[in-house]
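Visitor: Okay, here's the structure, questions in a sec.
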Amino acid sequence: MSDLGIAVIGPGAIAEAHLTAFAALGGTRPVWAVGRDPDRTAGFARQWGIERAGVEVEHALADPDVDVALICSPNRLHAAQAIYALEAGKDVILEIPIALSQFDSQQIVRVARDRGRRVFACHTMRSFASIRHMHDLVASGAEVISQVAGFFAIPRRNNEGFAGTRTWVDDLLWHHACHLVDATLWVTSNDDIASPTLLRGTDHPEFGMTMEVTMSFGMGDDAWCIASHSLTYNASALSWQMRFCGTHGDYLFDSGKLFGTGGELLVEGASIRDLGFQDAQILDGLRSGQPTDFEARDVLPTMRALHLLEEAGNR
């Protein structure tokens, strides 16, 4: 089978993480780099040995050498670029968040279905060994989770990202809370939430994005499982935690590692930027036609939950 031709839309740190994974896995060939800054995009293309580079998505997606669009652009562009790629006959690997609304998320899935294409959502926590361990515990019936509590602190005081100050504004609810909400629903095998509440904190005086958010919701009949998550951009260092309280034990996910009752290390940690497991499953799904844990249609419950939480915060 010939290598899959990849159009990288949005050259940046997360695109580099994907290309690193693809290079290790084999079977792909990046043929286009598309970005808003022509000089930066050309430099990215040289770094990764990509022959074609430009600022027009249309040119890349009209190229018959492109099989898959890897969309790593700013959040607000994800939905429109994904739909354009699908309508151009390409499969899509779409970074989180797949959209900034429930409606746009549904549109992406609808267009993919109508065009007979695949869209994969990079809900990367589903690939973490620690989170997969929790998912398997619940799926096997060995554990029943009654409460989930998450805390996510991301350095964004100056709107910085992995590579310095961003040229675009991130979204604490639809991007970073999406990770926690999706992991909560996926681990507990729920597809709906009840009694959502959300409180927003201060907005950044220059960039305008919400800097603090806290939320809670129930899941299952009679809300037998409850969840609460707090997130902040007012941080000096990354902190990424989830606590799972179960009927047989309690568990702490902490920046990749998983600890059990009494602090026992259950699962070793790995880099949160190691996309090897996720991308291997996606590439295998593309070649085999088999379903994966990263289908965009399967994250629609998460996007609905975020919609309900956003509505609760607006009331």
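The values are calculated or read from the model by the stated rules, or taken from the named source; none is laboratory data. Values in this document were obtained by computation on a predicted structure and should not be read as measured data. Note that each Cβ is placed from the backbone with ideal geometry, even for glycine, and that neighbours are counted across all protein chains shown.
Visitor: Name the single residue that is farthest from the chain's Cα centre (by Cα) among those in region 253-290 being under 20 Å from A21 (Cβ atoms) and among the basic types (K, R).
Guide: R287
Visitor: Give the residue that is farthest from V267 (Cα to Cα), with candidates limited to residues of region 208-252 that are among the hydrophobic types (A, V, I, L, M, F, W, C) and part of a loop (DSSP other than H, G, I, E, B). Even if it seems obvious, please write down each step before you answer.
Guide: Restricting attention to region 208-252, the residues satisfying the condition of being among the hydrophobic types (A, V, I, L, M, F, W, C) are 209, 211, 213, 215, 217, 219, 223-227, 231, 235, 237-238, 240, 242, 244-245, 252.
Add one more test, that the residue is part of a loop (DSSP other than H, G, I, E, B), and what stays is 209, 211, 224, 235, 237-238.
Details: M209: 35, M211: 31, W224: 27, A235: 26, A237: 23, L238: 20 Å.
Among those residues, the one meeting the criterion is M209.
Visitor: On the basis of being within 18 Å of R132 (Cα to Cα), in the same structural domain as L180 (by TED's automatic domain parsing) and of a type in the set (S, T, Y), does T247 make the cut? I'd like the intermediate steps shown before the answer.
Guide: Numbers: within 18 Å of R132 (Cα to Cα): no; in the same structural domain as L180 (by TED's automatic domain parsing): yes; of a type in the set (S, T, Y): yes.
Judged against the criteria, T247 is not a match.
Visitor: Can you name every residue in region 55-77 that is in a helix (DSSP H, G or I) and either in contact with a strand residue (DSSP E or B) (Cβ under 6 Å, 6 or more places away or on another chain) or not assigned by TED's automatic domain parsing to the domain that holds W32 (or both)? Outline the logic, then answer.
Guide: Initial filter on region 55-77 (in a helix (DSSP H, G or I)): 57-61, 75-77.
Scanning region 55-77 gives V57, A60.
For every residue, the table says whether it meets (1) loosely packed, with under 15 Cβ neighbours inside 10 Å; (2) in a loop (DSSP other than H, G, I, E, B); (3) among the hydroxyl-bearing types (S, T, Y); (4) within 19 Å of the chain's Cα centre (by Cα).
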{"site": "V111", "(1), (2), (3), (4)": "no, no, no, no"}
{"site": "R132", "(1), (2), (3), (4)": "no, no, no, yes"}
{"site": "F152", "(1), (2), (3), (4)": "no, no, no, yes"}
{"site": "T167", "(1), (2), (3), (4)": "yes, yes, yes, no"}
{"site": "E206", "(1), (2), (3), (4)": "yes, yes, no, no"}
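Visitor: Next up: Step by step: first the residues of region 272-300, then only those that are in a helix (DSSP H, G or I), touching a helix residue (DSSP H, G or I) at 6+ places or on another chain (Cβ under 6 Å) and not aliphatic (A, V, I, L, M), then the one that is farthest from R132 (Cα to Cα). Which residue is that?
Guide: Filtering region 272-300 for residues that are in a helix (DSSP H, G or I), touching a helix residue (DSSP H, G or I) at 6+ places or on another chain (Cβ under 6 Å) and not aliphatic (A, V, I, L, M), the one farthest from R132 (Cα to Cα) comes out as R297.
Visitor: Go over the candidates L100, L86, L94 one by one and state the one that is of a type in the set (A, V, I, L, M, F, W, C), in contact with a strand residue (DSSP E or B) (Cβ under 7 Å, 6 or more places away or on another chain), outside any helix (DSSP H, G or I) and at pLDDT 95 or above.
Guide: Details: L100 fails: in contact with a strand residue (DSSP E or B) (Cβ under 7 Å, 6 or more places away or on another chain); L86 fails: outside any helix (DSSP H, G or I).
Within the list L100, L86, L94, the selection yields L94.
Visitor: Also: Could you tell me which numbered condition P97 fails, if it satisfies all but one of (1) touching an Asp or Glu at 6+ places or on another chain (Cβ under 8 Å); (2) surrounded by fewer than 24 Cβ atoms within 10 Å (Cβ to Cβ)?
Guide: If we test P97 against (1) touching an Asp or Glu at 6+ places or on another chain (Cβ under 8 Å); (2) surrounded by fewer than 24 Cβ atoms within 10 Å (Cβ to Cβ), just (2) comes out false.
Visitor: Could you please tell me which pairs satisfy a Cβ distance under 6 Å, a separation of 6+ or placement on different chains, a first residue in region 246-270 that is within 19 Å of A227 (Cα to Cα), and a second residue that is in a helix (DSSP H, G or I) and of a type outside the set (A, V, I, L, M, F, W, C)?
Guide: G249/T261; D250/T261; F253/S130; L258/S130; L258/H133
Visitor: Out of the residues in region 208-242 meeting the condition of being touching a His at 6+ places or on another chain (Cβ under 7 Å) and in contact (Cβ under 8 Å) with a residue 60 or more places away in the chain, tell me which one is surrounded by the most Cβ atoms within 10 Å (Cβ to Cβ).
Guide: Looking at residues that are touching a His at 6+ places or on another chain (Cβ under 7 Å) and in contact (Cβ under 8 Å) with a residue 60 or more places away in the chain, I get M215.
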